[in-house]
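A quick write-up on the structure given underneath.
The values are calculated or read from the model by the stated rules, or taken from the named source; none is laboratory data. Everything numeric here is computed off the predicted structure, so don't read it as measured data. Quick reminder, even Gly has a Cβ in these numbers, built from the backbone with ideal geometry, and neighbours come from all protein chains shown.
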Amino acid sequence: MNFLDPRPGTPFSQLPNVEPYYALRVLSLFRFVHPDVDVRSAGGREVTFRTLQPLVLYAANSIFTNGYLTTGGQAKNADHQMIKDMGMVPEVAGANSNA
């Protein structure tokens, strides 16, 4: 799931950022309605959720980290620490060892 991060020069550049609690409710409702699908949080996560980012891990199965197609993201070590701080163990896709 991507979250709008208005960028200069795009048709949506003048739109406001999505409010963190609203985005969290949408993400949680999607999880509730679709309990068996893999929900991944990606683009706009850092900008949208700000300090509430760790709460995304309760509704999403995974997060994309370290940049997206056109924008940078939070550094992977920061994401790994966030996951550890939540009492979870990070798993790296395609990796043979722990992160």
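Given the conditions (1) in contact (Cβ under 8 Å) with a residue 12 or more places away in the chain; (2) more than 13 Å from the chain's Cα centre (by Cα), and given that R40 satisfies all but one, which numbered condition is not satisfied?
With respect to (1) in contact (Cβ under 8 Å) with a residue 12 or more places away in the chain; (2) more than 13 Å from the chain's Cα centre (by Cα), R40 is out only on (2).
Hey, could you check segment 55-64 for residues that are more than 15 Å from A93 (Cα to Cα) and aliphatic (A, V, I, L, M) and say which is surrounded by the most Cβ atoms within 10 Å (Cβ to Cβ)?
Among those that are more than 15 Å from A93 (Cα to Cα) and aliphatic (A, V, I, L, M), it is V56.
When only residues in segment 1-54 that are touching an Asp or Glu at 6+ places or on another chain (Cβ under 8 Å) and not small (G, A, S) count, which is surrounded by the most Cβ atoms within 10 Å (Cβ to Cβ)?
Going through the qualifying residues, I end up with T48.
Contact list please: Cβ distance under 8 Å, first residue in segment 51-69 and within 15 Å of H80 (Cβ to Cβ), second residue surrounded by fewer than 18 Cβ atoms within 10 Å (Cβ to Cβ) and of a type in the set (K, R), pairs at least six apart or on different chains.
S62/R40; I63/R40; F64/R40; T65/K76; N66/K76
Regarding segment 69-76, can at least one residue be identified that is more than 18 Å from P6 (Cα to Cα) and over 10 Å from the mean Cα position of the chain (by Cα)?
yes
Working carefully through the options G73, G67, find the one that is out of contact with any Ser or Thr (no Cβ under 9 Å at 6 or more places or on another chain) and either modelled with pLDDT under 90 or surrounded by 15 or more Cβ atoms within 10 Å (Cβ to Cβ) (or both).
None of the others qualify; the one that does is G67.
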